[in-house]
1. Tell me, what HN-Hα J-couplings in whole Hz come from the Karplus equation 6.51 cos²θ - 1.76 cosθ + 1.60 at θ = phi - 60° for each residue of segment A:243-254, using x for Gly and Pro?
2. Specify the residue with the greatest mean-square fluctuation among A:271, A:250, A:51, computed from a Gaussian network of chain A linking alpha-carbon atoms under 10 Å apart.
3. Could you tell me which residue out of A:273, A:241, A:261 lies farthest along the dipole of segment A:240-348 toward its positive end? Charges go on the beta carbon: Lys and Arg +1, Asp and Glu -1, centred on the Cα centre.
4. Report the Cα-based extents of segment A:240-348 along its three principal axes, largest first, to the nearest Å.
5. For segment B:149-254, run through the chymotrypsin sites (Phe, Trp or Tyr not before Pro) and keep only the ones in DSSP coil with at most 10 other Cβ atoms within 10 Å of their Cβ.
6. Mind scanning A:11/A:177; A:73/A:177; A:42/A:177; A:73/A:167 and naming the pairs with a C-alpha gap bigger than 24 Å?
7. Quick one: which residues, 5 or more positions from residue A:240 or on another chain, have an amide H under 5 Å from its amide H? H modelled 1.01 Å from N in the peptide plane, none for Pro or chain starts.
8. Whose amide H sits under 5 Å from the amide H of residue A:154, counting only residues 5 or more places off or on another chain, with H placed in the peptide plane?
Amino acid sequence: MASVTIRDLRKSYGSTPVLHGVSIDIADGEFVALVGPSGCGKSTLLRMIAGLEEAGEGEIRIGGRLVNDVPPKDRDIAMVFQNYALYPHMTVARNLGFALTLKGVDRVEIAARVARAAEVLGLSALLDRRPGQLSGGQRQRVAMGRAIVRNPLLFLFDEPLSNLDAKLRVQMRAEIKALHQRLRTSAIYVTHDQIEAMTMADRIVVMRDGRVEQAGAPLDLYDRPANRFVAGFIGSPAMNFLSGRIAVNGGASFHLDGGGPSLPLAAVPPGAHGRPAVLGLRPEHALIDPEAEAALEVTVVEPTGSETQVVGQLAGQPFVGVFRERVAARPGDVLPLRLPPAAAHLFDAGDGQRLV
Amino acid sequence: MTDATRAAAAPLLARIGAWPGRVRPPRWRRHRIGLHAAALALLLAVLFPFGWMVQMALRPPGEVLDGALLFQPTLENFAALWQGHFPKSFLNSVLVSSLSTAASLALGVPAAYVLTRWRFRGRGRVALWILATRMAPPIALTIPFFLAYRWVGLQDSVVGLALIHMTFNISIVVWFMQTFFAAIPRSLEEAAWIDGCGVWQAFRRVTLPLAAPGLAATAVFCFIFSWNDFFFALILTRTSAVTAPVAITNFLQYEGWEWGKIAAAGTLVMLPVLAFTLLVRKYLVRGLTAGGLKD
């Protein structure tokens, strides 16, 4: 187990910068998810921590040791690859024990540790098979097993579940989380799936275009996103964004650009009267209320059984609502909505930063 | 059989594979019979010279050019070969081919790996120049080689000839093996590095075993190219390092052509090529990389 410190890490491919000074601290035993859209630099950052990419400028420390110029083999880390990268010419047992063989661990000891890991992951019956004879889920488990057998300082996961089907993904998600809770080894988990990040991580680092947009506990990111990008990235379906202006006449309110009723606001920054802004509201926070003045013109209704998702237009701006109750609306209907001021987020209309 | 009974029996006969008079085989089956016949004819045409040589080798020495179809097969021609210098030449061929193959692989395989995996300036140009060494006509290189060898004393030596064969085999190794290495996913090597391998160890324990079928096929090609060389062996050897193909020409003499020995020696020279070709076929169809990665 070890802490990881990344200080002002920069990297370019030729003249194209991919990381613009990333700093992250990962505590001992913490499970951190790196999320972001494709090309945000999260995989590059992970590969730099692993030593598979040369560190540009900046510092990477694992357990306090500067590892910028340390080859991967000497970093004492384990990595689970997106495509599993199992050695096709070795049996499952040899795949699991390969790192220990290289370290010169005694054969009896290797067999015992492999057997223990195989038991934890339900691979005991498959030890003599080759990767080619395994299903996708079994290969994924072998890749996990190869990492845990070593008892490393740090686990690195590079989108390990993205090749599994939806059901298996949910199952493996829970297994990885349970495994981490048992081993308490620090882990960095790269994914583009924010649900995976939310459910598994102690802390999430949201990245975009080679920069850290926000880092924090999953629910902090959900409750207080630092900017419009994080607000839209965390949560599914994504947060609604309504553009308009802030008005302060006694109480604060928000006037939508397309007209319609003004929406009350809980708090505004000082001197905000007349300032253009974007109001963010999560779909699950909108409420159907016959007394309410905001009207959602329904275009699509998607019942899932447990909830109903309604897509439509609010004062000419796209809006999605998710309701626990069953909604009998049809396309063309108008649904009266209450948008609770306490659940609303205000962002700057220009740079998208959070206002209050 | 009346038409009616014939028609009634047709389905049953068709099922057991017999075709009554008027029922023609289905079109695909006729098509396939034609294809097989054509393939067989082609095969016979290709194999005829070899077959002819082998039967000449097995005839009694006095009747080698006899046209009679029936004869008493004998190994006399082979026995006559064994008495002369031919076994030494055959051994030379084996030595030259093995040495040059081993040396080409030892130098060419790491070169191919570096050209596949490392990105450096002029990589494409280096690869092309290696290939270009194979493009020069042998006659253009013979006189310089001959003079140089006379000067350094490598003329008429097994090592000297193996060195020459190595020069043209290296390009084969580099170009063949680049394709095989490129087919092995990088992430397998990266996984090995993280598991604790250095670059060389990952190459030896992961990449090379996965490229083994390709390596075997490449080795066989090198061996056969070296084995079949006549030109360099003719120019650069005199007595002690003469190879089998050159030795055969010694049976064409003023006093007459020793057809029996020529045929027997030709048959022997052909054997390793035949054996190795079968080996290559087996290795090339085998795919070892299946299953290590999510497809």
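The values are calculated or read from the model by the stated rules, or taken from the named source; none is laboratory data. If you're wondering where the values come from, they're calculated on a predicted model, not measured in any experiment. Ideal geometry is used to build each Cβ from the backbone, glycine not excepted, and the neighbour counts take in all protein chains shown. The accessibility values were calculated without ligands, DNA or RNA, using every heavy atom of the protein model including side chains. Shrake-Rupley method; radii C 1.70, N 1.55, O 1.52, S 1.80 Å.
1. Whole-Hz 3J(HN,Hα) from phi for segment A:243-254: 8, x, 10, 8, 10, 10, 10, x, x, 8, 8, 10.
2. Ranking A:271, A:250, A:51 by mean-square fluctuation puts A:250 first.
3. Projecting each Cα onto the dipole axis, the largest value belongs to A:273.
4. Here the Cα extents, ordered largest to smallest, are 45, 25, 23 Å.
5. Qualifying residues, ordered by number: B:254.
6. Beyond 24 Å: A:11/A:177; A:73/A:177; A:73/A:167.
7. Amide H neighbours of residue A:240: A:281, A:282.
8. For residue A:154, the qualifying residues are A:78.
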